[in-house]
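Shown next, in structure tokens, is the structure this report addresses.
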Amino acid sequence: MEWLTIGAFAKACRLSPKALRLYDELDLLRPARVDPDTGYRYYAAEQLERARLVAWLRRLGMPLAPIREVCGLPADRAAQEIRAYWARVEAETAVRRDLAAFLVDHLSGESRRETTKMLELRYAAHSDRGHVRPANQDTVYAGRRLLAVADGCGAGGALASAAAVDALKFLEGAELSAGNVLNLLEDAVRSADEAVRAVAEGSEDVGTTLTALLWTGSRLALVHIGDSRAYLLRDGELFRITHDHSVVQSLIDEGRLTPAEADSHPQRMLLARALSGGEQATPDLKLHEARSGDRYLLCSDGLTRVVSDGRIQELLGGSGLEPGPAVRGLVDEANSVGGPDNVSAVVADVASPTRPSVQGG
């Protein structure tokens, strides 16, 4: 057998000798032979394929521990793991991209040159037990600045969702600016998680989702954790502006499950992230530029599990429909197809302040 020196092997697989020594120590890529007298490392040509795979995965930014796992898998399984890893990278990159855009905007002074055109929110909220559940574990809130939906789970789910929303209500009177609104929301979610912990009292099955929008006067700051959702209806088009933190959504993102398969998956109710008082929750935080004519919807999964996005768009986009009738129409639609879960929704319009805000419940 012809042996390759570490220098020749490094050149062939495009890894440095220093990296090869490290991978030897970590049992990731052992040399085929080590001279007992000199300690020189020698590699076989058959090892080049594994070495090149390691090099490619390092260029993707994959940490060494996952690389070791991928290299030990059959090709089809390795492909699945790489797809799953990259899906996670893209999701994390999207969050960082939004934050970077905000920071550039804020630090360049654009956030301090906000439009002087006065806008306000007109809103309505409604929550219903549905036809099947014995109690309502959802909590909704709609105020001048804060809109929120929380969907509790477990024996103390109703208390958990109420505690989470209550922890955010101080934001109604907080001094807001583009520079501090995301920090305020992050602190508020931390307080909400502590409130849920107090309710749970050590129980592992108590928790809640939380999706909320905070109005600054020209922007809406979004905080989201769990599988409740937020939508934007703009110029007749419906956009989902949250990403579900559920087990099945993670499987969809990783290419292991199709959306159609997710509907009947046995773990479709399991959350990957929620406020539970256990491990520190990591919410998604974003800023959205508001335009006059925008309509926002926050809702629990009691709506989205039984009413399609297309139908939601139809019900939200009714000509001249005020937030109150719109929000009740959405809840009624969920109940009309069986009402298998609690269903809650908040609808808010961004508009010029030509008349008093509409509040519904």
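The values are calculated or read from the model by the stated rules, or taken from the named source; none is laboratory data. Bear in mind that the values here come from a model prediction, so they are computed numbers and not experimental data. All Cβ positions, glycine included, derive from the backbone under ideal geometry; neighbour counts span all protein chains shown.
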Only one of these conditions is not met by Gly317: (1) within 24 Å of the chain's Cα centre (by Cα); (2) modelled with pLDDT under 90; (3) of a type in the set (Gly, Ala, Ser). Which number is it? (1)
I'm told Ala272 meets every condition in (1) within 25 Å of Gly339 (Cα to Cα); (2) at pLDDT 90 or above except one. Can you identify the failing condition by its number? (2)
Members of the range 278-300 that are modelled with pLDDT under 95 and not in a loop (DSSP other than H, G, I, E, B): Asp284, Leu285, Lys286, Leu287, His288, Glu289
Options Glu254, Glu261; residue that is surrounded by fewer than 20 Cβ atoms within 10 Å (Cβ to Cβ), among the acidic types (Asp, Glu) and under 22 Å from Ile312 (Cα atoms): Glu261
Of all residues in the range 325-350 being charged (D, E, K, R) and under 20 Å from Asp294 (Cα atoms), the one that is surrounded by the most Cβ atoms within 10 Å (Cβ to Cβ): Asp349
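Ala91: under 25 Å from the mean Cα position of the chain (by Cα) and under 12 Å from Gly255 (Cβ atoms), yes or no?
Details: under 25 Å from the mean Cα position of the chain (by Cα): yes; under 12 Å from Gly255 (Cβ atoms): no.
Spelling it out, it is not the case that Ala91 is under 25 Å from the mean Cα position of the chain (by Cα) and under 12 Å from Gly255 (Cβ atoms).
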Taking Val95 as meeting all but one of (1) surrounded by 17 or more Cβ atoms within 10 Å (Cβ to Cβ); (2) at pLDDT below 75, write down the number of the exception. (1)
Looking at the range 1-16 only, could you name the residues that are surrounded by 15 or more Cβ atoms within 10 Å (Cβ to Cβ) and either under 38 Å from the mean Cα position of the chain (by Cα) or not aliphatic (A, V, I, L, M) (or both)? Trp3, Phe9, Cys13, Leu15
